[in-house]
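K.L.:
If you scroll down you'll find the structure; I have some questions about it.
The values are calculated or read from the model by the stated rules, or taken from the named source; none is laboratory data. Here the structure is a predicted model, which means the values were calculated and not measured. Reconstructed Cβ throughout: ideal geometry from the backbone, glycine too, with neighbour counts over all protein chains shown. Side chains included, ligands, DNA and RNA excluded: accessible areas come from the protein's heavy atoms. Shrake-Rupley method; radii C 1.70, N 1.55, O 1.52, S 1.80 Å.
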Amino acid sequence: MSSTAPRIAIVGVAGRMGRTLVNAVAQDEAASLAGGIVEPGSSLTNADLGELAGIGRLEVTAVDSLDAIVDDFDVLIDFTAPKVTLANLAFCAQHGKAIVIGTTGLSDDELAELDSYRDRVAMVFAPNMSVGVNLTLKLLETAAKALGDEGYDIEVIESHHRHKVDAPSGTALRMGEVVAAALDRDLKEHGVFERVGQCGPRDAKEIGFATVRAGDIVGEHTVMFATEGERIEITHKASSRMTFARGAVRAARWVAGRDAGRYGMNDVLGLE
Ligand code: NAD
């Protein structure tokens, strides 16, 4: 929407995704890096963002509050934590900025709060910004419609690095939601997130989730459709955070200058 390169600021530039996002914005000729925010009081305040990201000086320094750069950016990219993201969303609503939110692990109340901004802020919110994952969601919808009520058991298995703080991953939940919606099921009713002890045989309609946390796995998701005699597995494996960061920058370019609304990667990628 924006005819000139949007000016992008990144929250959480000291984090795993934050550093990768700095790299992705710096590589993108259709966007400019306007600023980066670290936690209030962080020793990294005033650090050069390029040095933080390990790509050499960019002559843009980290600040520890959005107020310090309020006039410098058009779009904020936020991959941090739910409470931080909601505070930044309020800031964007107040100052007419667009926002791209990659943060996962929001509770139902936090999701409702996020949604309450849809008339005031142009936001892209997606638990996974990779183009491949969003294509995978479409494949899952097709598979679920074709197979689901013909006796196929559906299980979602996800693996991530040892530092991840929420489970199951936002992407796994999104995959479960897509499959459930395609089958007219409610994930809240049919999702099974724990099996331990004498839990009995599985119900035909349940959608099971299993979580692996180990080492440095960037993110792997498999949805299994299994019946007697065969099983189909649809798998996505991310090998670098750059795939999420590039998707987020694409979303930032797309949302700059748009009307208020809550958008997803489907909208950004024109997949609907
Ligand atoms: P991380 O812990 O490495 O980084 C989070 C950063 O946020 C930290 O550096 C922390 O200092 C910073 N932070 C916290 N409070 C802040 C504040 N008030 N102001 C500025 N910075 C603040 O975590 P990560 O691995 O980078 O993941 C961050 C989030 O992104 C998680 O919710 C994760 O699940 C999600 N994620 C989403 C996608 C996607 O495609 N949507 C992909 C990967 C990760």
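K.L.:
Any residue in segment 110-128 that is under 29 Å from M242 (Cα atoms) sitting within a Cβ distance under 6 Å of a residue that is in a loop (DSSP other than H, G, I, E, B)? List the pairs, counting only those 6 or more apart or interchain.
P.N.:
V121/A260; A122/R258; A122/A260; A126/G264; P127/T104
K.L.:
In addition: Give me the helices (runs of 4 or more DSSP H) completely within segment 45-128, filtered to those with at least 3 residues that are modelled with pLDDT under 95, ordered by residue number.
P.N.:
none
K.L.:
So, one more: From (1) open to solvent by less than 70 Å² (accessible area, probe 1.4 Å); (2) closer than 30 Å to G270 by Cβ, pick out the condition that doesn't hold for R253.
P.N.:
Here R253 clears every test but (1).
K.L.:
Separate question: Tell me the residue from I55, I37 that is without any contact (Cβ under 8 Å) to a residue 60 or more places away in the chain and near the ligand (Cβ under 9 Å from one of its atoms), please.
P.N.:
I37 is the lone residue from the list that is without any contact (Cβ under 8 Å) to a residue 60 or more places away in the chain and near the ligand (Cβ under 9 Å from one of its atoms).
K.L.:
So which residues in segment 133-171 are within 23 Å of R250 (Cβ to Cβ) and either open to solvent by less than 50 Å² (accessible area, probe 1.4 Å) or in contact with a His (Cβ under 8 Å, 6 or more places away or on another chain) (or both), if there are any at all?
P.N.:
Matches in segment 133-171: V133, N134, T136, L137, L140, H160, S169, G170, T171.
K.L.:
Which one is surrounded by the fewest Cβ atoms within 10 Å (Cβ to Cβ) among residues in segment 91-106 that are at negative phi, of a type outside the set (V, I, T) and within 13 Å of the ligand (Cβ to nearest atom)?
P.N.:
Across segment 91-106, the extreme among qualifying residues is F91.
K.L.:
Moving on. Quick check on segment 111-122. Is at least one of its residues aromatic (F, W, Y) and not assigned by TED's automatic domain parsing to the domain that holds A204?
P.N.:
yes
K.L.:
Being open to solvent by less than 40 Å² (accessible area, probe 1.4 Å) and either within 19 Å of P168 (Cβ to Cβ) or not assigned by TED's automatic domain parsing to the domain that holds Q27 (or both): is that true of S130 here?
P.N.:
Working: open to solvent by less than 40 Å² (accessible area, probe 1.4 Å): yes; either within 19 Å of P168 (Cβ to Cβ) or not assigned by TED's automatic domain parsing to the domain that holds Q27 (or both): yes.
The answer is yes for S130.
K.L.:
Identify all residues within segment 91-150 that are under 16 Å from the mean Cα position of the chain (by Cα) and among the hydroxyl-bearing types (S, T, Y); write none if there are none.
P.N.:
Within segment 91-150, T103, T104, S107, S130, T136 meet the criteria.
Here is a yes/no grid of residues against (1) on the phi < 0 side of the Ramachandran plot; (2) assigned by TED's automatic domain parsing to the domain that holds R162; (3) touching a helix residue (DSSP H, G or I) at 6+ places or on another chain (Cβ under 6 Å):
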position: V178; (1), (2), (3): yes, yes, yes
position: D184; (1), (2), (3): no, yes, no
position: E189; (1), (2), (3): yes, yes, no
position: V196; (1), (2), (3): yes, yes, no
position: E206; (1), (2), (3): yes, yes, yes
position: I217; (1), (2), (3): yes, yes, no
position: R231; (1), (2), (3): yes, yes, no
position: I234; (1), (2), (3): yes, yes, yes
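K.L.:
What number goes with the only condition from (1) touching a strand residue (DSSP E or B) at 6+ places or on another chain (Cβ under 6 Å); (2) within 15 Å of the ligand (Cβ to nearest atom); (3) farther than 15 Å from R250 by Cβ that R7 does not pass?
P.N.:
Of the numbered conditions (1) touching a strand residue (DSSP E or B) at 6+ places or on another chain (Cβ under 6 Å); (2) within 15 Å of the ligand (Cβ to nearest atom); (3) farther than 15 Å from R250 by Cβ, the odd one out for R7 is (2).
K.L.:
Identify, please: which residue in segment 73-90 is open to solvent by less than 10 Å² (accessible area, probe 1.4 Å) and of a type in the set (V, I, T) and is, among those, nearest to V11 (Cα to Cα)?
P.N.:
Just the residues of segment 73-90 that are open to solvent by less than 10 Å² (accessible area, probe 1.4 Å), to begin with: 73, 75-78, 85, 89.
Now narrow it down to the ones that are of a type in the set (V, I, T): 75, 77, 85.
Details: V75: 11, I77: 6, T85: 9 Å.
Of everything passing the filter in segment 73-90, I77 is nearest to V11 (Cα to Cα).
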